[in-house]
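The values are calculated or read from the model by the stated rules, or taken from the named source; none is laboratory data. Keep in mind it's a predicted model, so treat the numbers as computed, not measured. Heads up, the Cβs are rebuilt from the backbone with ideal geometry, glycines too, and the neighbour counts pull from every protein chain shown.
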Amino acid sequence: MNVRFMLLFLLFVNAVQAKPAIEEHFEFYDIYPVSKEDIRSEIQQRTPIISQGSRFDGRTLWQVAWQYYRKKSDNLCHITRNEITLKVLYTMPAIAPKFTVKPKVRDAFDSYYQALLNHEKGHKKIGIQAASAIEQALLNFKSFSHCQGLDTAVNKAITAIINNHHRQDEDYDRQTEHGKLQGVSIDNPL
């Protein structure tokens, strides 16, 4: 009897503490540097990432998709389970696949790319925090007398969580100077 209870308890704990699913995708834009010095100008010329008149080398967009299931019993509507998925899309530079470069150019670009990717993964971490906060909020949501009231409250709470984490994304870029303080520099890598 105790073994059965312990197994049920462990199954319950694992279900409640499940991590959000993560889907990562990459989009690349091609650059054609002939020399190490060309890498910066190629990225600036070819980047598709333009925001408020500024060009950026890389970008991470994340989106949290959520679904919850509710049940009404004893005149109360409550959440029975949820599914959370974090979708992450990186846009990054790449030396064009059929473009041949000298080893020094490749090495310089690879070092730069790794620093840029590390910076972009910081944005992914913020997305993971948002997904986890949404999951935790859904797990702890109180019951409502009407399901419509529950739905309204859930949407309001999730919108606040997402907005807060998008502000954290902006703060992260300001604090790191869009990765420059983390070594994202083709000219002076850390």
How many of the residues making up region 123-172 are out of contact with any strand residue (DSSP E or B) (no Cβ under 9 Å at 6 or more places or on another chain) and outside any helix (DSSP H, G or I)? 1
Is there any pair with a first residue in region 93-107 that is closer than 22 Å to Arg59 by Cβ and a second that is hydrophobic (A, V, I, L, M, F, W, C) and part of a loop (DSSP other than H, G, I, E, B) whose Cβ atoms are under 7 Å apart and which are 6 or more apart or on different chains, and what are they? Ile95/Val101
The number of residues in region 32-58 that are under 28 Å from the mean Cα position of the chain (by Cα) and either closer than 15 Å to Tyr113 by Cβ or of a type in the set (A, V, I, L, M) (or both) is 11
Note on His178: of the conditions (1) within 30 Å of Gln67 (Cβ to Cβ); (2) in contact with a Phe, Trp or Tyr (Cβ under 7 Å, 6 or more places away or on another chain), unmet is (1)
Neighbours by Cβ (under 9 Å, 6+ apart or cross-chain): first from region 73-84, of a type in the set (Lys, Arg); second outside any strand (DSSP E or B): Arg81/Ala15; Arg81/Leu138
Tally up the residues in region 18-52 that are touching a Gly at 6+ places or on another chain (Cβ under 9 Å) and either basic (Lys, Arg) or exposed (fewer than 14 other Cβ atoms within 10 Å of the Cβ) (or both), please. 0
Of these, Gly53, Gly58, which one is of a type in the set (Gly, Ala, Ser) and over 20 Å from Lys124 (Cβ atoms)? Gly53
Of Glu83, Glu42, which residue is in a strand (DSSP E or B) and touching a strand residue (DSSP E or B) at 6+ places or on another chain (Cβ under 8 Å)? Glu83
Failed condition for His165, given (1) at pLDDT 95 or above; (2) under 25 Å from the mean Cα position of the chain (by Cα); (3) closer than 22 Å to Leu76 by Cβ, with all others met? (3)
